[in-house]
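**Q** Sending over a structure as structure tokens; questions will come in a sec.
The values are calculated or read from the model by the stated rules, or taken from the named source; none is laboratory data. A quick note: this is a predicted structure, and the numbers were derived from the prediction, not measured. Cβ atoms come from the backbone with ideal geometry, glycine included; neighbour counts cover every protein chain shown.
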Amino acid sequence: MKFGEIVAPSMKQLFIERMEDLILSGELKAGEKLPSERELADEMKISKTVVHEGIRELSRCGFLDVVSRKGVTVADYANTGNIDTLIAIMNRNIHHLDRHTACSLLDLRCYLECPALKILAEKHTEKDILRLKKCEEDAASLALHAEHDNEAFAEALYRYHHTVMHLSGNTITPLVLNALTPASLPFWMDYEQLQGPDAALERLSQFTAYIKNGEGEKAAGLLCDGINAYKKERGYI
């Protein structure tokens, strides 16, 4: 078995990640003009070539606007971004996102999962309900100990909701949810610490009951109410 070479990130990649963090956290705001490439290179102790190539890449990804002879400004990435911008956002956690982007990610959960909850409530089978109950049991087993693994429990909560998406029959939305995992898992961990494992498990049980009883609207309402309550708790709205 060959494990392959471990390669450290290049200076260009480190520069790009640093700039993305500053933009996604809101420290650099849309329309803000950057210093010259030479000034950035001197301040960050890297070569001008690294800065130049990094700026080109950040421009391609929709984070920066580069206008010849006028300099470089921070772009409104929600307007100018593309799939690479979305991937960069997905690879950040809540500590590297501004309030608006964090809210947008949470709202995306509602857009994706509410239809899935309604479809599953209408068309579920007994086997589907058993799958959801198994997800509940897996999460409950991780919460048995007083000092349970917060990350493992958060992943179990995520798996329940991913199962809902999968059982609804849409082949794309579970993939989108998978792609959102790096950015969304810290939300799950934070939510569990705020609410406690018992409340989180009770919500899973409520979801399953609503789905089993064909009450898709109530299941969707439970999801959106929980997300909105979390946003208020964290001062996002």
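**Q** For segment 202-237, what are the residues that are assigned to a helix (DSSP H, G or I), among the hydrophobic types (A, V, I, L, M, F, W, C) and in contact (Cβ under 8 Å) with a residue 12 or more places away in the chain? If you could, list the steps in order and put the result at the bottom.
**A** Of the residues in segment 202-237, the ones assigned to a helix (DSSP H, G or I) are 202-212, 216-233.
Within this subset, residues satisfying the condition of being among the hydrophobic types (A, V, I, L, M, F, W, C) are 204, 207, 209, 211, 219-220, 222-224, 227, 229.
Within segment 202-237, LEU204, PHE207, ILE211, ALA219, ALA220, LEU222, LEU223, CYS224, ILE227 qualify.
**Q** GLU136 versus (1) more than 22 Å from CYS103 (Cα to Cα); (2) of a type outside the set (Phe, Trp, Tyr); (3) out of contact with any helix residue (DSSP H, G or I) (no Cβ under 6 Å at 6 or more places or on another chain): which is the lone unmet condition?
**A** (3)
**Q** Now, a different point. Just checking, how many residues over segment 146-200 are among the small types (Gly, Ala, Ser) and crowded, with 17+ Cβ neighbours inside 10 Å? Full working, then the answer.
**A** Our first condition is that a residue be among the small types (Gly, Ala, Ser); within segment 146-200, this holds for 146, 152, 154, 156, 168-169, 179, 183-184, 196, 199-200.
Of the ones still in play, those that are also crowded, with 17+ Cβ neighbours inside 10 Å are 154, 156, 168, 183-184, 200.
Count: 6.
**Q** Something else about it: For GLY62, indicate whether it is part of a loop (DSSP other than H, G, I, E, B), surrounded by 13 or more Cβ atoms within 10 Å (Cβ to Cβ) and either of a type in the set (Val, Ile, Thr) or at pLDDT below 95 (or both). First the steps, then the outcome.
**A** Values: part of a loop (DSSP other than H, G, I, E, B): yes; surrounded by 13 or more Cβ atoms within 10 Å (Cβ to Cβ): yes; either of a type in the set (Val, Ile, Thr) or at pLDDT below 95 (or both): yes.
Against the criterion (part of a loop (DSSP other than H, G, I, E, B), surrounded by 13 or more Cβ atoms within 10 Å (Cβ to Cβ) and either of a type in the set (Val, Ile, Thr) or at pLDDT below 95 (or both)), GLY62 qualifies.
**Q** So if I check each of THR125, THR73, THR80, THR85, which one is touching a strand residue (DSSP E or B) at 6+ places or on another chain (Cβ under 6 Å) and either among the polar types (S, T, N, Q) or modelled with pLDDT under 85 (or both)? Walk me through how you get there before you give the answer.
**A** Numbers: THR125 fails: touching a strand residue (DSSP E or B) at 6+ places or on another chain (Cβ under 6 Å); THR80 fails: touching a strand residue (DSSP E or B) at 6+ places or on another chain (Cβ under 6 Å); THR85 fails: touching a strand residue (DSSP E or B) at 6+ places or on another chain (Cβ under 6 Å).
Selected residue: THR73, the only one of THR125, THR73, THR80, THR85 that is touching a strand residue (DSSP E or B) at 6+ places or on another chain (Cβ under 6 Å) and either among the polar types (S, T, N, Q) or modelled with pLDDT under 85 (or both).
**Q** With the requirement that a residue be touching a Gly at 6+ places or on another chain (Cβ under 7 Å) and either of a type in the set (Gly, Ala, Ser) or touching a residue at least 40 places away in the same chain (Cβ under 8 Å) (or both), what does segment 66-105 give you?
**A** THR73, VAL74, ALA75, TYR77, GLY81, ASP98
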